[in-house]
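Below is one structure; the comments refer to it alone.
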């Protein structure tokens, strides 16, 4: 099988997995927190964005299974053709990290040094840099 054909098979399998998962969540509030579904072994995992969805999933698990059974009876040929076979369903959470705005803060402080220090550096480039720092400190003092 060529790479392109394998990619196509993988895409079709992914679409089929998502379709049966979305059919099970249809009409439920937790469908807005649904990210994707994945089959690992004999388990279909529903991946959600928030922890509360996992708790609601546990509460509504039998309803979800019933909806999925109805979907399976209609589309079992597609499901079998795409190797979408599982025995149980579970939920897990992958939380999105909160993005906090980056704020720059300036710290105003009184300079404690007077700029009276010896520069014991032999490298001319570093010596010039230290001289510049010393000059800035003397101006602020």
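The values are calculated or read from the model by the stated rules, or taken from the named source; none is laboratory data. Here the structure is a predicted model, which is why all the values come from computation and not from measurement. Methodologically, a virtual Cβ is constructed for each residue, glycine included, from the backbone with ideal geometry; neighbour enumeration extends over all protein chains shown.
Things to note:
- Hey, residue 86 assigned by TED's automatic domain parsing to the domain that holds residue 30, more than 30 Å from residue 140 (Cβ to Cβ), outside any loop (DSSP other than H, G, I, E, B) and in contact (Cβ under 8 Å) with a residue 40 or more places away in the chain or not: no
- Single residue of region 1-42 satisfying the filter (within 15 Å of residue 61 (Cβ to Cβ) and either assigned to a strand (DSSP E or B) or not assigned by TED's automatic domain parsing to the domain that holds residue 71 (or both)) that is nearest to the chain's Cα centre (by Cα): 34
Per-residue answers, yes or no, for (1) in contact (Cβ under 8 Å) with a residue 40 or more places away in the chain; (2) touching a helix residue (DSSP H, G or I) at 6+ places or on another chain (Cβ under 9 Å):
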position: 2; (1), (2): no, no
position: 20; (1), (2): yes, yes
position: 33; (1), (2): no, yes
position: 58; (1), (2): no, no
position: 70; (1), (2): yes, yes
position: 82; (1), (2): yes, yes
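- The listed residues are 47, 102, and the only one of them that is free of Cβ contacts under 8 Å to residues at least 60 places away in the same chain and surrounded by 13 or more Cβ atoms within 10 Å (Cβ to Cβ) turns out to be 47.
- Hits in region 56-88 - residues which are touching a strand residue (DSSP E or B) at 6+ places or on another chain (Cβ under 9 Å) and over 16 Å from residue 33 (Cβ atoms): 65, 68, 83, 84, 85, 86, 87, 88
- Filter result for residue 75 (at pLDDT 85 or above and in a helix (DSSP H, G or I)): yes
One line per residue, one yes/no per condition, for (1) part of a loop (DSSP other than H, G, I, E, B); (2) outside the structural domain of residue 60 (by TED's automatic domain parsing); (3) within 30 Å of residue 50 (Cα to Cα):
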site: 98; (1), (2), (3): yes, yes, yes
site: 104; (1), (2), (3): yes, yes, no
site: 115; (1), (2), (3): yes, yes, no
site: 119; (1), (2), (3): yes, yes, no
site: 122; (1), (2), (3): yes, yes, no
site: 126; (1), (2), (3): no, yes, no
site: 131; (1), (2), (3): no, yes, no
site: 137; (1), (2), (3): no, yes, no
